[in-house]
1. Are any residues in region 11-58 more than 11 Å from Val71 (Cβ to Cβ) and touching a Phe, Trp or Tyr at 6+ places or on another chain (Cβ under 9 Å), and if so, which ones?
2. What is the residue count in region 56-67 for residues that are surrounded by 15 or more Cβ atoms within 10 Å (Cβ to Cβ) and over 11 Å from Val18 (Cα atoms)?
3. Out of all the residues in region 18-58, which are β-branched (Val, Ile, Thr), within 14 Å of Arg8 (Cβ to Cβ) and free of Cβ contacts under 8 Å to residues at least 40 places away in the same chain?
4. Surrounded by 13 or more Cβ atoms within 10 Å (Cβ to Cβ) and either in contact with a Cys (Cβ under 6 Å, 6 or more places away or on another chain) or under 16 Å from Thr6 (Cβ atoms) (or both): does that describe Arg30?
5. Considering only region 46-70, how many residues are part of a strand (DSSP E or B) and in contact with a strand residue (DSSP E or B) (Cβ under 8 Å, 6 or more places away or on another chain)?
6. Would you call Gly48 surrounded by fewer than 16 Cβ atoms within 10 Å (Cβ to Cβ), of a type outside the set (D, E, K, R) and either in contact with a His (Cβ under 9 Å, 6 or more places away or on another chain) or at pLDDT below 95 (or both)?
Amino acid sequence: MSSQKTLRTIAAGETAFVVAVDAGVKARTRLESLGIIPGVEVEVFNNGRGPLIVSVGEGRIMVERGIAEKVLVA
């Protein structure tokens with residue numbers, strides 16, 4: 001049995017690579033526009049209450065918890 005890690009499970013200060021996005025077309029398109037695509041490294045700055053704040057490339061973005069659950073990482 002393999003457990004899949006999602007962006008929501010990554011602690012603040014940790015980095016991960018996006019493996020896949022398991023979401024509908026609208027959510028996947030939104031994430032792609034923010035730079036969250038397979039192969040990209042993301043760093044989590046805040047994973048407390050409210051949305052996650054992550055770094056993608058040179059920018060920081062907010063990702064809703066429900067959407068973060070759809071982003072598979074390694």
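1. The answer is Ala12, Gly13, Gly39, Glu41, Ile53, Ser55.
2. First, the residues of region 56-67 that are surrounded by 15 or more Cβ atoms within 10 Å (Cβ to Cβ): 56, 61, 63, 67.
With the extra rule that they be over 11 Å from Val18 (Cα atoms), the set shrinks to 61, 63, 67.
Total meeting the criteria: 3.
3. Hits for region 18-58 are Ile36, Val42, Val44, Ile53.
4. Values: surrounded by 13 or more Cβ atoms within 10 Å (Cβ to Cβ): yes; either in contact with a Cys (Cβ under 6 Å, 6 or more places away or on another chain) or under 16 Å from Thr6 (Cβ atoms) (or both): no.
So Arg30 fails the test.
5. Initially, region 46-70 is screened for residues part of a strand (DSSP E or B), giving 46, 52-56, 59-63.
Now restrict to residues that are in contact with a strand residue (DSSP E or B) (Cβ under 8 Å, 6 or more places away or on another chain): 46, 52-56, 60-63.
Of the residues in region 46-70, 10 are part of a strand (DSSP E or B) and in contact with a strand residue (DSSP E or B) (Cβ under 8 Å, 6 or more places away or on another chain).
6. Numbers: surrounded by fewer than 16 Cβ atoms within 10 Å (Cβ to Cβ): yes; of a type outside the set (D, E, K, R): yes; either in contact with a His (Cβ under 9 Å, 6 or more places away or on another chain) or at pLDDT below 95 (or both): yes.
Here the answer is yes, as Gly48 does meet what is asked.
This table checks each residue for (1) at pLDDT below 95; (2) acidic (Asp, Glu); (3) in a loop (DSSP other than H, G, I, E, B); (4) loosely packed, with under 14 Cβ neighbours inside 10 Å.
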{"residue": "Gly13", "(1), (2), (3), (4)": "no, no, yes, yes"}
{"residue": "Ile37", "(1), (2), (3), (4)": "no, no, yes, no"}
{"residue": "Val44", "(1), (2), (3), (4)": "no, no, no, no"}
{"residue": "Leu72", "(1), (2), (3), (4)": "no, no, no, no"}
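The values are calculated or read from the model by the stated rules, or taken from the named source; none is laboratory data. Here the structure is a predicted model, which is why all the values come from computation and not from measurement. Here Cβ is always computed from backbone atoms with ideal geometry, including for glycine, and neighbour counts include all displayed protein chains.
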